[in-house]
Amino acid sequence: MSDSPQDPLVTSLAACAQGDGQALERVYRLASPHLYAQLLRIVRNESAAQDCLQQVFIRVWQSAGQYDASRAKPMTWLSTLTRNIGIDWLRRQRPQEADGQALIDELAGLDDPAADGQRDQESSQLHECLEILPAKQRQVLELAFFHGLTHSELAGAITQPLGTVKSWVRRGLERLKSCLTTGI
Amino acid sequence: MSDDWDLSDPDERHLAAGEYVLGTLDAQQKARFEALLAVSHDLQNDVARWREHLQLFNDQLDPRLPPAEVWRRIASATGIAPRPWWQSLGIWRTASGTFAAAALALGLLWSQSDITPLPDDGQAVYVVLDEQRTPGWIISATDSGELYVQAVQPTQVGAQQTGELWLIADETPISLGLLPSEGRHTLAPSEELRELLMTADLAVSVEPEGGAPEGQPTGPIIDSGRMTPVRGGTFTF
């Protein structure tokens, strides 16, 4: 699924699996600004995001051999790993948030495009697929994606009935897929 | 989810794969889904496709450069020996927006009346930017191979320090000379270095007054980049 066999991330990940430290440095250089942005979005704390980023690259170093270029684009593989580490960090924090204040803050922040770090300049077809999602569908999808919330946690977070939330999620997913695969 | 969650239905299964990647399934559903996932290639492909679809949420985020400290921690934790910066320039250049930033800085400078960035016979230029993208110096090469250096705001160079310009050839830094803290200065590289000037990496480091004592950079790097030919110039690569 990689764009080309010459994708420097693919070759660098393969070299990482052989213990090539320079290759890890290359992967870091190419991918870390994107992964760091992702972690900032998930954990919303610079110092925690940096700790998580460190964990991500230690994991990359240890498990680069598991990357299979025929199954995933390299950025998708790295992002999945990063998201798991970020959400694990969130889950470890969550029990301490007795009143879920951070999540409420997060929900308030969702209406603020600047806080989301949305990219304005590259409004390609990809971003149009996000734009066409009805606001509620996009909100539950992003909340689930960046916060690792289940259907019932989502329902609690946005105080909507479980059935409504599930249907927003499913319609959002279907809409997104249809836009990405057929452009409609 | 209710008991009507029927993973034997292909449509339902396909959407469940999306929900699985999104992370909204509860613990019990997740366990059921993963049991099926372990044995179904189709479902594994579905999951892979959904991962690519949902990557869109990551793609919309503006990249943010992590502090340099993070890489040092990773290098130390993984036992990768940190290399001197001049051996990593090629790696670090690939993702940087230095080129565009330099062009932008130059455009801004041009509009400032008290600085004339290029001599009349200037053929190529390199704007040295610090981490805040403040231009420290403008270095322009003439067609005779001399380098005119105009100090702008070399903010990272303190008292009893100087900026030193390096040309990196085969991962080895060669000094092109010291940069002035204010005003203008001309450097005259040797014939050999002039030939490399347009294609080699250049870098500026902070050194003690008088320059790097051992002929190798000792201080932190301010910037690295390359000469950019001026349109209409006669320099050839």
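Report yes if residue A:127 is farther than 30 Å from residue B:29 by Cα and modelled with pLDDT of 60 or more, otherwise no. Spelling it out, residue A:127 is indeed farther than 30 Å from residue B:29 by Cα and modelled with pLDDT of 60 or more.
Filtered by the rule that a residue be farther than 18 Å from residue B:58 by Cα and more than 7 Å from chain B (Cβ to nearest Cβ), region A:44-63 gives A:47, A:48, A:51, A:55, A:59, A:60, A:62, A:63. The residues of region B:176-194 that are touching a residue at least 40 places away in the same chain (Cβ under 8 Å) and under 10 Å from residue B:139 (Cα atoms), listed by number, are B:179, B:186, B:187.
When only residues in region B:6-51 that are hydroxyl-bearing (Ser, Thr, Tyr) and part of a loop (DSSP other than H, G, I, E, B) count, which is surrounded by the most Cβ atoms within 10 Å (Cβ to Cβ)? I'd like the intermediate steps shown before the answer.
First pass over region B:6-51, keeping only residues hydroxyl-bearing (Ser, Thr, Tyr): B:8, B:20, B:24, B:40.
From what's left, part of a loop (DSSP other than H, G, I, E, B): B:8, B:24, B:40.
Values: B:8: 7, B:24: 29, B:40: 15.
So the residue we want is B:24.
Here's the yes/no breakdown for (1) in contact with a strand residue (DSSP E or B) (Cβ under 9 Å, 6 or more places away or on another chain); (2) more than 18 Å from residue B:87 (Cα to Cα); (3) hydrophobic (A, V, I, L, M, F, W, C):
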{"residue": "B:164", "(1), (2), (3)": "yes, no, no"}
{"residue": "B:171", "(1), (2), (3)": "no, no, no"}
{"residue": "B:177", "(1), (2), (3)": "yes, yes, no"}
{"residue": "B:199", "(1), (2), (3)": "no, no, no"}
{"residue": "B:213", "(1), (2), (3)": "yes, yes, no"}
{"residue": "B:223", "(1), (2), (3)": "yes, no, no"}
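The set of residues in region A:18-43 that are more than 9 Å from chain B (Cβ to nearest Cβ) and over 18 Å from residue A:80 (Cα atoms) comprises A:18, A:19, A:20, A:23.
State all residues of region B:165-204 that are of a type outside the set (A, V, I, L, M, F, W, C), part of a strand (DSSP E or B) and on the phi < 0 side of the Ramachandran plot; if no residue qualifies, say none. Please lay out each step first, then the result.
Here is the first cut: in region B:165-204, the residues of a type outside the set (A, V, I, L, M, F, W, C) are B:170-173, B:175, B:177, B:180-186, B:189-192, B:194-195, B:199, B:201.
Still in the list and also part of a strand (DSSP E or B): B:172-173, B:175, B:177, B:184-186, B:201.
Of everything in region B:165-204, those that are of a type outside the set (A, V, I, L, M, F, W, C), part of a strand (DSSP E or B) and on the phi < 0 side of the Ramachandran plot turn out to be B:172, B:173, B:175, B:184, B:185, B:186, B:201.
If you filter region A:140-156 down to residues that are under 15 Å from the mean Cα position of the chain (by Cα) and within 13 Å of residue A:167 (Cα to Cα), you find that the one that is farthest from the other protein chains (Cβ to nearest Cβ) is A:140.
Here are some residues: A:181, A:164. Which one is more than 16 Å from residue B:29 (Cα to Cα), within 10 Å of another protein chain (Cβ to nearest Cβ) and β-branched (Val, Ile, Thr)?
Working: A:164 fails: within 10 Å of another protein chain (Cβ to nearest Cβ).
Criteria check complete, one pass: A:181.
For region B:149-189, the tally of residues that are over 20 Å from residue B:213 (Cα atoms), surrounded by fewer than 18 Cβ atoms within 10 Å (Cβ to Cβ) and among the polar types (S, T, N, Q) stands at 3.
A residue that is at the interface with chain A (Cβ under 10 Å from one of its Cβ atoms), in contact with a helix residue (DSSP H, G or I) (Cβ under 9 Å, 6 or more places away or on another chain) and within 22 Å of residue A:84 (Cβ to Cβ) cannot be found anywhere in region B:2-14.
In this structure, does residue A:44 turn out to be in contact (Cβ under 8 Å) with a residue 60 or more places away in the chain and surrounded by fewer than 21 Cβ atoms within 10 Å (Cβ to Cβ)? Reasoning before the result, please.
Values: in contact (Cβ under 8 Å) with a residue 60 or more places away in the chain: yes; surrounded by fewer than 21 Cβ atoms within 10 Å (Cβ to Cβ): yes.
For residue A:44, the condition - in contact (Cβ under 8 Å) with a residue 60 or more places away in the chain and surrounded by fewer than 21 Cβ atoms within 10 Å (Cβ to Cβ) - is met.
For the residues B:54, B:89, B:37, the requirement of being modelled with pLDDT of 95 or more and more than 9 Å from every other protein chain (Cβ to nearest Cβ) singles out B:37.
The values are calculated or read from the model by the stated rules, or taken from the named source; none is laboratory data. Bear in mind the structure is a predicted one, so any value in this text is a computation, not a measurement. For neighbour counting, all protein chains shown are included, and Cβ atoms are generated from backbone atoms with ideal geometry for every residue, glycine included.
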